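What follows is a single structure, written as structure tokens, with notes after it.
The values are calculated or read from the model by the stated rules, or taken from the named source; none is laboratory data. Note that the structure is predicted; figures quoted are calculated from it, not measured. A quick note on method: Cβ atoms are made from the backbone with ideal geometry, for glycine too, and the neighbour counts reach across all protein chains shown. Just so you know, the surface numbers come from the protein's heavy atoms only, side chains and all, with ligands and any DNA or RNA stripped out. Shrake-Rupley method; radii C 1.70, N 1.55, O 1.52, S 1.80 Å.
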Amino acid sequence: MLISEILSRVRSDLSDTREIQYADGLLLSRIREELNDTAGENSANIDVLSSVRKILSDESSRTGTPVSLASIRAELNDTANVTAFSTADIAKSVRAKLGDVDDVVLGTTTAANVTPESVIHYAQWGNAGNVTGTTGNINASVTLASSTNLFGVYVADGIKTIIGMRPDATINGVLSGGFQTALNLYVLARCLEGEVEANGGGGFGAFYDRFVQAVNSVPAHVSDSVLAHAVSMGTAVINGRRPDLGVCGSTSTLLEDFVMGQFSQSKLGDNGKVQLNLQNFYSELDKIPYHYADAELNGYIADGQAAVKAIRPDAVSIIDCFSDAVKSYAVCHAMGRRFGKNAEGMSVWQANDANFKAVVAAVPYHWTDAELRSFMDMGESAIAIRRPDLSGTSAGKMDQMHYTVFSALERRIGKDENAAALHKVHLEQFYADMDHYPKHYSDSELEAFQEEGKSILSALREDAVSNGMIRSDLVPALLFCTVAMAENYAKDASTRSLNDSQWSRLLGLLKAIPFHWTNETLLMFLHDSIRDILRLRSDARMDDFGYELAGVTDTPLQEDPFPLRESFAKASEYFCAAQAVSSRIGQDPGAEGKYQIWRTNYETEITGGRKR
């Protein structure tokens, strides 16, 4: 029989047959669960600053769309086409409408352009070539006139006559090239003055009629200087009445009409086609929407931003979020210049003034990161004073969030609609949470309570701890002990001792768990039994034939054979069981009775088994 078999029978007698496992200790999470200590959970996942901004509806980096000049112009109905037009373009367009050309194209007509030859050339009319009369032919009349100073007089008179008929006939005081034919016909007619034709007609009258026709057939012409002056006059009128526009896309047509009107019938004779209606001109000019210069509107934008910042200092870093308000400000001040000039000016001003105030009030207040972090630091200090155990925990961060929110909102009470109510909620929540949260223990604190609990269990049950590890089936007892000490400490930091009720429950938990003897302890008792049996029965080391057993020792190992005669194995079993249960007398019910029985059985086995 092996030693291990005897030890197995001893465990059966002691009802200690369960396989015992040991644990390093408790999981701190189990202790926290019993203590309802959840303050430290997921603290790394809580971003206080982001949470505060979410509650305050205040993103860290709010952006908006900057105010555009186009949006302001749309409110002001500033739709004028202010693309610049040059006066040269205006003059060119007027000439096209008049069917006119530049001075340089027409050229000029002077006395040098009128010679006997050129005059005779224009005498070719009718079917007979040169016309002859009773006093000679046309050639002779022209030749005669050219031989005297009359020819020059006729030329000068012709120029004066043409100018009298056509005020537009000169270019810088010189007859234009378009009247060269007319001038030659005039001189021809004058050369024939007083001549009586054989057929009863007058050459003078015939050529004078042709002269008149030639004068009237020359298209109307406005000299470059006169046209430039007219354009300059129109430009001055527009600039004087509408300095916001000048000569541009919206006024170019009106300027052309003005210039055309300067060359009325009184100046162009029958060629005058355009009459200027000044009243209509001014009316059309006034209908063009007022135009504000970019610099002026940009100035209003800058003033609007300054006005917003004066009311809302927080707007400095988020000014584009107030773009709608800034736009309304710019519109108001732009319209202020048009009071009495624009029928809708006051209503537009009032609407934008109301919108400015509404938007400034509606944009959520913005706190800088530095401001909120300052409130966070204050909250952390307040928590450290009132509940130092919560500092840095998830619960502490949540309270820090409440503190930061109500501190930030203090400055908005009376300014923001919901500031007072929200401030009250978070102020009350801050103090309520600090009173509500159970005490939070650090890992080192709980580990210290656990080690102290192990010491208590070890003092009560020598089988509770082995090599610093707790019996697995005694973990509930250790858990109770640890939690009880922690709760006592939370109530009174000067003590952590168990009270009577707690002691009673701990002892009850221990009594419910059967005592466990280690293999080393039982092997030691078995060694004692061998020595005691050999003391009482020297023949126990001899076999049934009286020979001494080989290798007899009183300290065999667990896997060694039983060193005595097998008939003494039962005695050894009773001895070990009695020795083991003796340590439980006074602690386990029935322990003393079991001891007496096993002791008696041992003595019986020793006496009954002796060889006589």
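Taking the stretch 6-40 on its own, how many of its residues are without any contact (Cβ under 8 Å) to a residue 24 or more places away in the chain and closer than 27 Å to Ala580 by Cα?
Going through the stretch 6-40 one residue at a time, the tally reaches 4.
Glu41: open to solvent by 80 Å² or more (accessible area, probe 1.4 Å), at pLDDT below 80 and out of contact with any strand residue (DSSP E or B) (no Cβ under 6 Å at 6 or more places or on another chain), yes or no?
Answer is yes for this residue.
Considering only the stretch 60-85, state which residues are open to solvent by less than 40 Å² (accessible area, probe 1.4 Å) and polar (S, T, N, Q).
Ser71
Take residues that are at pLDDT below 90, open to solvent by less than 20 Å² (accessible area, probe 1.4 Å) and within 30 Å of Asn81 (Cα to Cα) and tell me which of the helices (runs of 4 or more DSSP H) falling wholly in the stretch 140-256 contain 1 or more.
In the stretch 140-256, the matching helices (runs of 4 or more DSSP H) lie at 224-241.
Could you please let me know if Ala395 is at pLDDT below 85, assigned to a helix (DSSP H, G or I) and not basic (Lys, Arg)? Steps first, please.
Values: at pLDDT below 85: yes; assigned to a helix (DSSP H, G or I): yes; not basic (Lys, Arg): yes.
It is true that Ala395 is at pLDDT below 85, assigned to a helix (DSSP H, G or I) and not basic (Lys, Arg).
From the list Ile413, Ile383, pick out the single residue that is surrounded by fewer than 17 Cβ atoms within 10 Å (Cβ to Cβ) and hydrophobic (A, V, I, L, M, F, W, C).
Working: Ile383 fails: surrounded by fewer than 17 Cβ atoms within 10 Å (Cβ to Cβ).
Going through Ile413, Ile383 in turn, just one is surrounded by fewer than 17 Cβ atoms within 10 Å (Cβ to Cβ) and hydrophobic (A, V, I, L, M, F, W, C): Ile413.
Would a scan of the stretch 176-193 turn up a residue that is on the phi < 0 side of the Ramachandran plot and without any contact (Cβ under 8 Å) to a residue 12 or more places away in the chain?
Pass one, the stretch 176-193, residues on the phi < 0 side of the Ramachandran plot: 176-193.
From what's left, without any contact (Cβ under 8 Å) to a residue 12 or more places away in the chain: 193.
Yes; the residues of the stretch 176-193 include at least one that is on the phi < 0 side of the Ramachandran plot and without any contact (Cβ under 8 Å) to a residue 12 or more places away in the chain.
Test of understanding: among Pro364, Pro388, which residue is within 24 Å of Ala39 (Cα to Cα) and open to solvent by 50 Å² or more (accessible area, probe 1.4 Å)?
The match here is Pro388.
Would you confirm, using the coordinates I've provided, whether Gly590 is at pLDDT 85 or above and under 22 Å from Ala464 (Cα atoms)?
yes
Given the residues Val52, Val101, Val94, which is the only one that is within 23 Å of the chain's Cα centre (by Cα) and at pLDDT 80 or above?
The unique qualifying residue is Val52.
So, Val114, is that one among the aliphatic types (A, V, I, L, M), open to solvent by less than 50 Å² (accessible area, probe 1.4 Å) and over 26 Å from the mean Cα position of the chain (by Cα) or not?
Taking the combined requirement at face value, the residue satisfies it.
Of a type outside the set (Gly, Ala, Ser), closer than 18 Å to Ser12 by Cβ and modelled with pLDDT under 95 - does that describe any residue in the stretch 551-560?
There is at least one residue in the stretch 551-560 that is of a type outside the set (Gly, Ala, Ser), closer than 18 Å to Ser12 by Cβ and modelled with pLDDT under 95.
Quick one: in the stretch 556-586, which of the residues that are free of Cβ contacts under 8 Å to residues at least 40 places away in the same chain and surrounded by fewer than 16 Cβ atoms within 10 Å (Cβ to Cβ) is farthest from Met1 (Cα to Cα)?
For the stretch 556-586, the residue satisfying everything is Gly586.
Which of the residues belonging to the stretch 67-108 are charged (D, E, K, R) and over 30 Å from Phe322 (Cα atoms)?
Asp89, Lys92, Arg95, Lys97, Asp100, Asp102, Asp103
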